[in-house]
Each structure stands twice: as C-alpha cells, then as structure tokens.
Amino acid sequence: MNEQPKRSTWFWVLIGGGLLVLVVAVIVGLAFAIVHATGGSDMSAFGSGLGSDKIGVVDVDGVILSAETPISQMRKFADDSSIRAIILHINSPGGGAAASQEVYEEVKRIRDEKKKPIVASIESEGASGAYYIASGTEKIYANRASIVGSIGVIMEYTNYGDLLKWAKLKNVIIKAGDLKDTPSPVRDLTPNELAYMQGLVDNMHQQFIDDVASGRKRPVTEIQPLATGQVWTGQQALPLHLIDSIGSFQDALKATAKQVGISGDPQVVKPYIRRKSLIDILTSPSDLFPGPEQLLEKNVGFYFLWR
C-alpha cells in the first residue's frame, strides 16, 4: 500500500487562516448590514452651535406604533430656549390610533401652552394618523404630489376558524361577559358583536374628525364630509383647507425661519438617535429570529392607517 504524502504544517496554517478570515468577513458583513437595517441617524445636530437661530426638526417616518420617541424629541425642543421653532418632517401612512392621538396632543400642547411655533412638512405621505398629527400644527406644507388625508379608522384581524376545522382542532373559551372574546379569531361575529365593534370604530372616527377640526380651526361640518378615508394630492388638498401651502421641506424651513425672525439660513437641529450595537442585537435574538408564537400572534388593533 502506497503511503499518502504528509501535508506540511504551513499548508494547514494557511487553510486554517483562510477559513478564519472568511468567517470573520461574513460576521462583519452581517453585523454591518444588520446595524444599518435597524439603526437610525447618529446625527445629533448639524449646524448646531452657539446662538438661537436654530430650528428643531423631528422626523415622523413609517408606521406610527409608539408615541414615546416623537413626544420625547418634541419636548426637548420645546423646552430648549435656543430652538426657535419645530418642524415635523412627515413621511408616514399613519399607524396606531392611540399612538397617533398621543402625538397630536403633544403637538397641540406645544402650540397652545408653550407658544412655540410648530409646523408640519409632508413629504410623500401624510395620511391618516400622520395627518392627524399634522393637523395639530400651526401650518401644514405639502408637495403637489404628496398624499394627504385619509381621515378614517380601520380595524382588522385574521379569522382562522376554517383552518382549525381543517386541522380538527377546537378552540375552548371560558368567559364571563357576552362580549369578552369579541372579536373572536375562530368564528364569525354575531350581529350584536358587529354592532359593538362598529360602535368603537365610529367613536374613534368622530374623535379624529373633531380633533382635525380643532387643530385646523375649521368647523366640524366642514371636515365631516371629507372624513371618508379618502386621500388627496397636496394640490387637491389645498382648496379643501386640509393643508396651508404647497412647498417642500426647504420651503417650510425658510418660511418658518422668517416667521420667527431668523435672518439667513437657520441652524437645523435633529435629535440624536442611538444605533443598535452588535451587542444589542446579539443579546436580543428575538429581534432577528422571532419565535413561532410571535409569527402567529396578531392582536386586534384600531388604526388611523392608510393602506
């Protein structure tokens, strides 16, 4: 039998080193992609410095699921005497009913109690809950092709009763109170349950209408016919008094600076947004790999959301 030639030590060192470099490169690449996918801007302020020629900008992006971040950002700007005005830079289809309402209330508080100018600039979308928030500001700017409006409420859930029947599974409910499990995801609504849920949606809808009318300083009778869930372009929304001016973010910035007596270009300040570190991601694996219970769970929710 012929004896196989032995590999030199350097051969295995090179192989091992190459594999190690490859593994490290893959990990670094994944970490870079994850951090950029889950992080935000690290910009705390650009143009910041001494002086009071500053305008604070709060971004309202994506679906609104929590009021905590925009409210805390607005409060910091509202309490900072060097910030002369606040602009909400909005690009959102709306979101949770309660979350949108909370942000609206804070906008109104800053406007009415703090007496600090606060305006909205709608980029691509300022619909439903995002429009709710914008309506609390002193002035709304939008581009001609921006999507504006959608004053309506939506509630949805998944009924998987037929799936349970197919799998020969039974859902067991023990309850006290006829409406305790309404809406049930395993059966159709009864007429009484349907009326009950519709009543909740109608009540939230009227709150939406009343708050838009209050924020826009328009009569409720003027807003009511527009509250069909319909959206308009910025160009269409202007004569309906849903916005105040056609213009970009830069237009809103220049006009607001002029309003508060800033000559020249204002210093724009944005809140610091902490990125998720690799340690945060590795210690919260559920953010990347949700368990089956998270994938299957879908709670009933009420939304000011344009789809």
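The values are calculated or read from the model by the stated rules, or taken from the named source; none is laboratory data. If you're wondering where the values come from, they're calculated on a predicted model, not measured in any experiment. Please note: Cβ atoms are built from the backbone with ideal geometry, for glycine as well, and neighbour counts cover all protein chains shown. Keep in mind that these areas ignore ligands, DNA and RNA; they rest on the heavy atoms of the full protein, side chains included. Shrake-Rupley method; radii C 1.70, N 1.55, O 1.52, S 1.80 Å.
Miscellaneous remarks
- Flag if MET204 is more than 23 Å from the chain's Cα centre (by Cα) and in contact (Cβ under 8 Å) with a residue 40 or more places away in the chain: no
Residue-by-condition table, conditions (1) among the small types (Gly, Ala, Ser); (2) at pLDDT below 95; (3) part of a loop (DSSP other than H, G, I, E, B); (4) under 22 Å from SER92 (Cα atoms):
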site	(1), (2), (3), (4)
LEU163	no, yes, no, no
ILE174	no, yes, yes, no
SER184	yes, yes, yes, no
ARG187	no, yes, yes, no
MET197	no, yes, no, no
ALA213	yes, no, no, yes
GLN236	no, no, no, yes
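Quick grid of which residues meet (1) at pLDDT below 95; (2) under 25 Å from the mean Cα position of the chain (by Cα); (3) under 27 Å from GLU105 (Cβ atoms):
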| residue | (1), (2), (3) |
| --- | --- |
| THR221 | no, no, yes |
| ILE243 | no, yes, yes |
| GLY247 | no, yes, yes |
| ILE262 | yes, no, no |
| ASP265 | yes, no, no |
| ILE273 | yes, yes, yes |
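- Members of segment 59-68 found to be part of a loop (DSSP other than H, G, I, E, B) and under 17 Å from LYS108 (Cα atoms), listed by number: ALA67
- Strands (runs of 3 or more DSSP E) (entirely within segment 69-151) containing at least 3 residues that are under 18 Å from PRO271 (Cβ atoms) and not charged (D, E, K, R): 83-92, 118-127
- Within segment 212-231, the set of residues being out of contact with any Ser or Thr (no Cβ under 8 Å at 6 or more places or on another chain), among the aliphatic types (A, V, I, L, M) and in contact (Cβ under 8 Å) with a residue 12 or more places away in the chain comprises ILE223, LEU226, ALA227.
- Residues of segment 120-133 that are in contact (Cβ under 8 Å) with a residue 60 or more places away in the chain, out of contact with any Leu (no Cβ under 6 Å at 6 or more places or on another chain) and open to solvent by less than 10 Å² (accessible area, probe 1.4 Å): SER121, ILE122, ALA127, GLY129, ALA130, TYR131, TYR132, ILE133.
- Condition check for ALA252: at pLDDT 95 or above, touching a His at 6+ places or on another chain (Cβ under 9 Å) and surrounded by 14 or more Cβ atoms within 10 Å (Cβ to Cβ): yes
- Residue in segment 61-68 that is within 22 Å of PHE208 (Cβ to Cβ), within 12 Å of the chain's Cα centre (by Cα) and without any contact (Cβ under 8 Å) to a residue 12 or more places away in the chain present: yes
- Filtered residues of segment 92-118 (kept if buried (at least 24 other Cβ atoms within 10 Å of the Cβ) and not aromatic (Phe, Trp, Tyr)): SER92, GLY94, GLY95, ALA97, SER100, VAL103, VAL107, ILE118
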